[in-house]
Each structure stands twice: as structure tokens, then as C-alpha cells.
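The values are calculated or read from the model by the stated rules, or taken from the named source; none is laboratory data. Model, not experiment: these values are computed from the prediction. Reconstructed Cβ throughout: ideal geometry from the backbone, glycine too, with neighbour counts over all protein chains shown. Note: accessible area is taken over every heavy atom of the protein model, side chains too, but ligands, DNA and RNA are not part of it. Shrake-Rupley method; radii C 1.70, N 1.55, O 1.52, S 1.80 Å.
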Amino acid sequence: MKALPTLLCIPDISGFTQFMSKTDFELSSKVIPSLLNKIVYSNDIGLKISEIEGDAVLFYKTGDLPSLKDLLNQCKFFYTEFYKQLYALKKRHQGTEAAKIIPEVLGLKIILHYGEEVGLVAVGKRIKLIGEDVITAHRLLKNNIPEEEYILISNDLLSQFSEEEVNIQLEWALFEKGLIKEEHLGKIEFHYIDLTRVQKGSFIDPK
């Protein structure tokens, strides 16, 4: 087993349980894999896949980090491509009664975290990630952010970038602060970007 400094990225489909309960298996079995595939093939910064976890993809990257700007732009690309696919699926399955709720119920949140020692273990053709930071990344999915769609960046990741990079003002992004407290992991601080504001931008075409 190797333990390496590792970037962790988890795009997670929000509204998954609600969608599964409101649609039949035939539709959900086409929609969810299609959305996960869109996420996988929208990866432009060399992230590797560890696992596909039902409604989420666990990406990782060892070695040099992308710039914070490139990393956030990648997350924006995940999000915009995800929404284009939502509307394409709504149109493709418009003959079914539940098709109209596809872009109404489903959304995307993205967790970004960094660990100094993440274990990489080969299991079959995949690399299994283990360690406290992997647990932390998944724990960050259960937070108190009031919005359903966001990019969450742990302070452990932000600390890897210069103050100048962290203070960069993207035309589409506004950082807000948050934290969670966990019995075994302690206090985990993070910043997040509300993607519900981004969704209203002109780069998503709902037609």
C-alpha cells in the first residue's frame, strides 16, 4: 500500500433518493447512468476514478495540484455539462410522465478535499482509497449548507494554495464559510460556492 498526498473530488447527484422514489426503474436506470457518464467524461484535468458509488463519482489525483482557478473551473464544467445532460434527458424521455421532473429534482454538489496521507490500494482494476481523509471527504457530504447544489472546498485543500490564489475573484464564484463538527474527526472547516446562483447564468440552456 502507498500513502500519498492526494486530491479528492466527489461530484454527488443530489435528489437521487427522491428521484428514485418518484420514477419507475426503467427510467431511473437510464437517467442516472447517463448522468454519471457525463460527469466521468467531463473530466478535463486528469482526475482518476477510484469508485462510482451509486449516485457519486470518487475522483482522485496524486502529484502536483491543479491551480485553484483550474480546479474550480473544472467543477463549473462538471456542473454545466451535468445540466445540459439533464435537459437532454428530459427531451429524450418526454413521452414518459416522470420526464418533466428530471431537471426539477436532480442536481449536483461537489466535494473537494486534500489529504497528506491517503492510502492507495489496488483492488482488481481499480485503486481503492483508504484513510482518515477519505472518511473526511465523505463526511463533508453531510453538512449544514442550506443549498442543495454547491462546490465545497475543505480548508485542508485551500491551505495548499497561496493567499493570492485563494482570494482570486472568479466572475461566477462567491466563497462562503462553513464548518461541521464530528465526534472522531473534530472540527472540519470549509468554504463553499452556492451553485444555485450559477445555474441562473446564461451558460445553461434549458431548451
Practice prompt. Find the residue count for region 45-68, including only residues that are touching a residue at least 24 places away in the same chain (Cβ under 8 Å), under 20 Å from residue 5 (Cα atoms) and charged (D, E, K, R).
Written response: 3
Worksheet item: Among strands (runs of 3 or more DSSP E) lying entirely in region 119-207, which contain 1 or more residues that are under 16 Å from residue 10 (Cα atoms), open to solvent by less than 90 Å² (accessible area, probe 1.4 Å) and at pLDDT 90 or above?
Response: 126-130, 150-154, 186-194
Fill in: Positions within region 21-44 being in contact (Cβ under 8 Å) with a residue 12 or more places away in the chain and closer than 30 Å to residue 133 by Cβ, in sequence order
32, 35, 36, 38, 39, 40, 42, 43, 44
Practice prompt. Go through 69, 100, 125 for me and flag whichever is of a type in the set (Lys, Arg) and under 19 Å from the mean Cα position of the chain (by Cα).
Written response: 69
Item to complete: Look at residue 111 and say whether it is in a helix (DSSP H, G or I) and in contact with a Ser or Thr (Cβ under 9 Å, 6 or more places away or on another chain).
Response: no
Worksheet item: So which residues in region 49-69 are in contact with a Lys or Arg (Cβ under 7 Å, 6 or more places away or on another chain) and small (Gly, Ala, Ser), if there are any at all?
Response: 50
Worksheet item: Across region 103-118, what is the total count of residues that are open to solvent by 40 Å² or more (accessible area, probe 1.4 Å) and either among the aliphatic types (A, V, I, L, M) or touching a residue at least 24 places away in the same chain (Cβ under 8 Å) (or both)?
Response: 2
Worksheet item: Is it the case that some residue within region 5-16 is out of contact with any strand residue (DSSP E or B) (no Cβ under 8 Å at 6 or more places or on another chain) and without any contact (Cβ under 8 Å) to a residue 60 or more places away in the chain?
Response: no
Item to complete: Kindly indicate whether any position in region 180-196 is closer than 22 Å to residue 108 by Cα and of a type in the set (S, T, N, Q).
Response: yes
Item to complete: Determine if region 97-114 includes at least one residue that is farther than 26 Å from residue 184 by Cβ, of a type in the set (Gly, Ala, Ser) and out of contact with any Asp or Glu (no Cβ under 8 Å at 6 or more places or on another chain).
Response: yes
